[in-house]
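Report on one structure; see the data block that follows.
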Amino acid sequence: MNRKLSVATCIVFFTLAALAAGTAATGQIAPRPDQIEELQKGPAEGPVVMVNLLRFKDEADAPDEGLSGEEAYGRYGAQMVQWITSQGARVIWSGRVDSMVIGDTEERFHSIALVEYPSRAEFLRIAGDPRVAEYSVHRTAGLEMQWLIATTTRTDLTRRSAAETSND
């Protein structure tokens, strides 16, 4: 089922997930309507890789008091990985940020994850499932801020790289 979700429906799903714990984060952790609209303007066919840049709270909010923000987010992450992989998505890579090598910004992130979804519509369907709101109490408890960037594979570069490798 590949139907396009309305912007209003997507915002409701994400807002419910972000606010499931009933607490407010200091940074943005849910998309604005214009951001969902922009996501839907991307290629309808083919996979989308979501680049997750995450900054955690020092101490988690309810229901994860006594844990670090990263530990609380880990509870969310474990449930989400199981859910998204059952739906055809996959975690490509996940890791800690060690240092900033190029760039000068006030924004600092603790962790990065690359997650591939079959399509933008599937990302919205998977993220909009009611169980995500249930898991998100831990996300909201532990996450201070997130940047979520939708990307599309540049086939011109990947084909060229594969051709160069096969010629060696």
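Does Gly69 satisfy the condition of being closer than 18 Å to Leu148 by Cβ and more than 14 Å from the chain's Cα centre (by Cα)?
yes
Going by the conditions given, is Ala113 hydrophobic (A, V, I, L, M, F, W, C) and touching a residue at least 12 places away in the same chain (Cβ under 8 Å)?
yes
Among the residues of region 50-77 satisfying the criterion of being farther than 15 Å from Ile112 by Cα and among the hydrophobic types (A, V, I, L, M, F, W, C), which is surrounded by the fewest Cβ atoms within 10 Å (Cβ to Cβ)?
Ala62
Look through region 149-168, keep the residues that are hydrophobic (A, V, I, L, M, F, W, C) and at pLDDT 95 or above, and return whichever of them is nearest to Pro47 (Cα to Cα).
Ranking the qualifying residues of region 149-168, first place goes to Ala150.
Report the residue count in region 43-60 for those that are closer than 27 Å to Thr105 by Cα and in contact (Cβ under 8 Å) with a residue 40 or more places away in the chain.
Within region 43-60, residues that are closer than 27 Å to Thr105 by Cα and in contact (Cβ under 8 Å) with a residue 40 or more places away in the chain number 11.
Only one of these conditions is not met by Asp98: (1) surrounded by 12 or more Cβ atoms within 10 Å (Cβ to Cβ); (2) under 28 Å from Gly66 (Cβ atoms); (3) free of Cβ contacts under 8 Å to residues at least 40 places away in the same chain; (4) of a type outside the set (A, V, I, L, M). Which number is it?
Only one criterion in (1) surrounded by 12 or more Cβ atoms within 10 Å (Cβ to Cβ); (2) under 28 Å from Gly66 (Cβ atoms); (3) free of Cβ contacts under 8 Å to residues at least 40 places away in the same chain; (4) of a type outside the set (A, V, I, L, M) is unmet by Asp98, namely (1).
With the requirement that a residue be within 17 Å of Leu143 (Cβ to Cβ), surrounded by fewer than 19 Cβ atoms within 10 Å (Cβ to Cβ) and touching a strand residue (DSSP E or B) at 6+ places or on another chain (Cβ under 9 Å), what does region 31-49 give you?
Passing the criteria: only Gln35.
The values are calculated or read from the model by the stated rules, or taken from the named source; none is laboratory data. Not measured: the values here are computed from a predicted model. Cβ sites come from the backbone with ideal geometry, for glycine too, and all protein chains shown count toward neighbours.
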